[in-house]
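The next block holds one structure in the form of structure tokens; read it before the comments.
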Amino acid sequence: MANKQQSRNGSTQAFLADRSFYVLGVFLFLVIWQAASMLKLFGNDFSEAFSPLSAFLALIEMAKNGDIVHHAVPSLRRVLVSLLLAIIFALPVGVLVGYFRRLEQLTYVPFQFLRMISPLAWMPIAIIMFGVGDVSVTFLLWLVAIWPLILNTVHGAGRVSPLWLNMAKTMGAKDKGILTKIIIPAAIPDMLTGLRLAVGVSWIILVPAEMLGVPDGLGYFILDTRDRFRYDQLMATIFIIGLIGYLLDSANRWLISKFAWKI
Amino acid sequence: MADNGRSTGPTSEALISLKGVTKEYQKNGTWIEAVSGCDLDIAENEFLVIVGPTGSGKSTLLKLIAGFEQPDKGEVLLDGEPVKGPGSDRGMIFQEYALLPWRTVLQNVELGLEFQFGKRGKENRELAMTYIDMVGLSYAVNKYPVEMSGGMKRRASLAMILVTKPKILLMDGPFNALDSKTKLTMHTEITRIWEHEHNTIIFVTSELDEAVKLSDRIAVMNSEGRISKIFTNDLARPRFGKAALEPEFHHRFIELREKVMNEVKAGAGKAVCETR
């Protein structure tokens, strides 16, 4: 087995070796999935419908009849809208709380308390406040996304070296300059980490949140395929959920590699 | 106000005036005086070097003048006014590197200019480049701090402060980690800048050669945080190149260094004194 240290030093050969192990991982995953269905691990009656092959055929069918687009687009829209609202709210809050120690002390217990509550617990309240539908789902997703964003931004803004602040002051910096040129750039790597965690947890909460009475979305479609006994489509939907989640996370990793400065 | 019964008004032409300044720190549960009853007048355009054993409060004294710390007793006056906080008239070069890790050398040096004039593009860049050239980093303008050695970071921090042209330069062991060649360049440059721009420099170091080479006066602090003696350094300038090779100059250089060293040793207590 090639060890990490060697392959990082990067000949083309090592690069290809690395790649082939990633591909091998995907292949092994499919093999285990197929084996599980052949061994009837999903029960005697439906194990065949759960196999990767039937899922793949269902996927083609859903791509053709438009089911994928019809349900993936509303799901993505909900997640992205709630993330945007969470960013608008959480980053300023995080910077303020991180910068002012008193504010951090005031908010510490409430924040740590609130963040441990599953947003689904708020579901009845969301429905009373906003009714059944998009707004409730978006609210629940927003509620789950703000915590990683706030807490990581707090950490980033709190990590600003006093040395940088002193230096900025001796250079005649005003509050605005200190905020825009020192504190915010200093917190960017942590903000991006927070964003990555927020995207992950939002995408996870999306599926149960969409089971709460919206007429479309991947979470809704899971229940729909179950009700229609189309377990091949159910597996295909699960596959799509995983795939989109993976792509969202990859986009985040790209953002981090592009914009997070290194120490 | 000085509590030792001296005159209270601003004294004659001193730019910076320390009057009975004491600063205490808590260390292992007991309060110790890092700086103890210091009286010091620094004239405009003076090059004052503060020497003393490690832990004698040299850095603290500098921080008090910079305004990062407030004295527990006594006062620090600047142009007759008490110092209340940091200001752009006093540029501080820290012992640690204060470079921003997300900015390149050029962007770091431009930072102070952005604070003072906003983003001016070419104008800022050219000014920054002048100082980057001066510290010998023009080959590394686009490097990030993480990619640089300690000496490079030190030089970049120096350019970063010098470019803002502060009236008073507070330098806390600025050349400590530099190799001897770069150090010599920096000694020449800092002297040239000082002669050119007529700023006032307060320079902390533990190297006596450096102190004698640069200073108008040398203040020696002892391990109790007091200024035990101030030497006037009337060695002729320039003190670099050919002039430094003259036997007469060399003789007087050594003589002054010996005097300062004896004073430092006398006040060192158990602390270690660095000489070369």
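The values are calculated or read from the model by the stated rules, or taken from the named source; none is laboratory data. Remember, it's a predicted structure, so these values are computed and weren't measured experimentally. As a convention, Cβ positions derive from the backbone with ideal geometry for all residues, glycine included, and neighbour counts pool all protein chains shown.
Here are a few things to note about the model shown:
- Residues satisfying the stated conditions in the stretch A:207-233, i.e. part of a helix (DSSP H, G or I) and without any contact (Cβ under 8 Å) to a residue 40 or more places away in the chain: A:Val207, A:Ile222, A:Leu223, A:Asp224, A:Thr225, A:Arg226, A:Asp227
- Within the stretch B:8-36, considering residues that are among the small types (Gly, Ala, Ser) and either within 19 Å of B:Phe68 (Cβ to Cβ) or touching a strand residue (DSSP E or B) at 6+ places or on another chain (Cβ under 9 Å) (or both), the one modelled with the lowest pLDDT: B:Ser12
- Flag if B:Ile201 is under 14 Å from the mean Cα position of the chain (by Cα), of a type in the set (A, V, I, L, M) and not in a loop (DSSP other than H, G, I, E, B): yes
- Matching residues in the stretch A:142-167 - criterion: being of a type in the set (Gly, Ala, Ser), surrounded by fewer than 22 Cβ atoms within 10 Å (Cβ to Cβ) and within 14 Å of chain B (Cβ to nearest Cβ): A:Ser161
- Of all residues in the stretch B:165-177, those being closer than 20 Å to B:Leu106 by Cα and surrounded by fewer than 21 Cβ atoms within 10 Å (Cβ to Cβ) number 1.
- Set A:Leu96, A:Leu120: member being part of a helix (DSSP H, G or I) and modelled with pLDDT under 90: A:Leu120
- Evaluated against (1) within 12 Å of chain B (Cβ to nearest Cβ); (2) modelled with pLDDT of 90 or more; (3) surrounded by fewer than 20 Cβ atoms within 10 Å (Cβ to Cβ), A:Ala187 falls short on exactly one condition, (3).
- The listed residue being at pLDDT below 90 and within 30 Å of B:Lys265 (Cα to Cα), out of B:Met134, B:Met186: B:Met186
- Selected residue (criterion: nearest to the other protein chains (Cβ to nearest Cβ)) from residues of the stretch B:102-142 that are assigned to a loop (DSSP other than H, G, I, E, B) and either among the acidic types (Asp, Glu) or closer than 30 Å to B:Glu44 by Cβ (or both): B:Gly118
- If you go through the stretch B:85-101 and keep only what is surrounded by 21 or more Cβ atoms within 10 Å (Cβ to Cβ), within 7 Å of chain A (Cβ to nearest Cβ), farther than 22 Å from A:Leu179 by Cβ and of a type outside the set (Lys, Arg), you end up with nothing.
- Taking the stretch B:143-175 as the range and being in a loop (DSSP other than H, G, I, E, B) and more than 12 Å from chain A (Cβ to nearest Cβ) as the test, the residues that pass are B:Lys143, B:Met148, B:Ser149, B:Gly173, B:Pro174, B:Phe175.
- Verdict on B:Gly57 being touching a Gly at 6+ places or on another chain (Cβ under 6 Å), more than 14 Å from chain A (Cβ to nearest Cβ) and at pLDDT 90 or above: no
- Residue in the stretch A:41-59 that is among the hydrophobic types (A, V, I, L, M, F, W, C), closer than 19 Å to A:Ser202 by Cβ and in a helix (DSSP H, G or I) present: no
- Members of the stretch B:65-77 found to be among the hydrophobic types (A, V, I, L, M, F, W, C) and within 13 Å of chain A (Cβ to nearest Cβ), listed by number: B:Ile65, B:Ala66, B:Phe68
- Selection status of B:Glu81, crowded, with 18+ Cβ neighbours inside 10 Å, acidic (Asp, Glu) and out of contact with any Leu (no Cβ under 6 Å at 6 or more places or on another chain): no
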